[in-house]
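J.: Below is the structure I would like to discuss, written out as structure tokens.
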Amino acid sequence: MIKIGYLLSYDYEMLLTSVKQLYNYADKIVIAVDSERKTWSGNTFVIPDSFFSEIKIFDKKKKIQFYFDKFYLPSLTPMECESRERNLVLKKMGKGWKIQLDVDEYIYDFKKVSQYLKKYWYLNLFPTLTPICFQGKLITLFRELPDGYLYIENDEKFPFITNQTKNIHTRRNDEIRNHFLNIKVIHQSWARSEEQIHLKIKNWGHRDDFDTESYFQFWKTLNSSNYEQFQDIHPIVPNIWNFLKFMPSSSIDDFIKKYSLKNDQIPIDLPVKKIFKTAVKKIIKQ
């Protein structure tokens, strides 16, 4: 089975854009919401009842399950709260291929991802012997402008699919085999209104990792005329975001459509023999 896990908070409005990309090819979708409506920083957010009604109407095949729990603990840092919540969601999803997404991450042409994972269904028979984490490639949207989007397209990888029920840190598990899947995931990230960005940087897991207010002021200066002047702009590891690109677009759906037409999803096959050799060695040791 292919299961999707989302963490839902103040940016709930982006969820349907993501879910629409994969709904027809997922078996189960788990959406985690803090029962006290607290962010990882302990701030309160509101999700209107109309949102849940909209999801219910959309979910015609009854694949979506909401998971309410207390995900903010004042004794933990925002990043520790994030890691804890992601692991709770993994356990909630159970056995199978588990795809861990944020609501602003969009996997276009998800049918190819589904076909790829089903080809390796047998790796879920005894997942403790064949543990694996798949990494994708992020296409980071950095600024929404009146005439389109500034975005970053390089080799930034991130883990998001596993057959395990526990991560080591956020979505990462460096203690098991990691395989670059070469699937592109559009991340709306910083391409939001000024109000939404201010809310994000006060509440996300990276709240304490850099001077968020100073970076916010820099972000506001960018436009479709001056973006080429700036390089190495990632707030924590500068060269990860080496330079910006611009695509004229009328909406996020328009950007996804235009980008997908020029960039096919071409997943890279797994080294199956190596995986089974490792599994055999584990059995022998036991």
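J.: If residue 79 satisfies all but one of (1) assigned to a helix (DSSP H, G or I); (2) surrounded by 14 or more Cβ atoms within 10 Å (Cβ to Cβ); (3) modelled with pLDDT of 95 or more, what's the number of the condition it fails?
T.: Residue 79 satisfies every listed condition except (3).
J.: From the residues in the range 1-45 that are under 15 Å from the mean Cα position of the chain (by Cα) and under 15 Å from residue 70 (Cβ atoms), which one is surrounded by the most Cβ atoms within 10 Å (Cβ to Cβ)?
T.: 9
J.: Here is a follow-up. Please enumerate the residues belonging to the range 1-42 that are touching a Lys or Arg at 6+ places or on another chain (Cβ under 7 Å) and among the polar types (S, T, N, Q).
T.: Once the filter is applied, which keeps residues that are touching a Lys or Arg at 6+ places or on another chain (Cβ under 7 Å) and among the polar types (S, T, N, Q), the range 1-42 yields 35, 41.
J.: Anything in the range 214-244 that is touching a residue at least 12 places away in the same chain (Cβ under 8 Å) and closer than 20 Å to residue 41 by Cβ? List them, or say none.
T.: Across the range 214-244, the qualifying residues are 215, 216, 219, 235, 236.
J.: Which of the residues that make up the range 177-194 are under 23 Å from residue 162 (Cα atoms) and either in a loop (DSSP other than H, G, I, E, B) or not polar (S, T, N, Q) (or both)?
T.: Taking the range 177-194 as the starting set, the residues that turn out to be under 23 Å from residue 162 (Cα atoms) are 177-189.
Within the range 177-194, 177, 179, 180, 181, 183, 184, 185, 186, 187, 188, 189 meet the criteria.
J.: Here's another thing I want to ask about it. If residue 65 meets every condition in (1) within 28 Å of residue 116 (Cβ to Cβ); (2) buried (at least 20 other Cβ atoms within 10 Å of the Cβ); (3) over 15 Å from the mean Cα position of the chain (by Cα) apart from one, which number is that one?
T.: If we test residue 65 against (1) within 28 Å of residue 116 (Cβ to Cβ); (2) buried (at least 20 other Cβ atoms within 10 Å of the Cβ); (3) over 15 Å from the mean Cα position of the chain (by Cα), just (2) comes out false.
J.: Right, here's the next one. Any residue in the range 228-250 that is in a helix (DSSP H, G or I), of a type in the set (Phe, Trp, Tyr) and in contact with a Gly (Cβ under 8 Å, 6 or more places away or on another chain)?
T.: So in the range 228-250, the residues in a helix (DSSP H, G or I) come out as 228-229, 238-240.
From the residues that got through so far, the ones that are of a type in the set (Phe, Trp, Tyr) too are none.
No: the range 228-250 contains no residue that is in a helix (DSSP H, G or I), of a type in the set (Phe, Trp, Tyr) and in contact with a Gly (Cβ under 8 Å, 6 or more places away or on another chain).
J.: For the range 87-101, give me each residue that is surrounded by fewer than 21 Cβ atoms within 10 Å (Cβ to Cβ) and either charged (D, E, K, R) or free of Cβ contacts under 8 Å to residues at least 40 places away in the same chain (or both).
T.: Within the range 87-101, 91, 92, 95 qualify.
The values are calculated or read from the model by the stated rules, or taken from the named source; none is laboratory data. For clarity, every value in this text was computed on a predicted model and none was experimentally measured. Methodologically, a virtual Cβ is constructed for each residue, glycine included, from the backbone with ideal geometry; neighbour enumeration extends over all protein chains shown.
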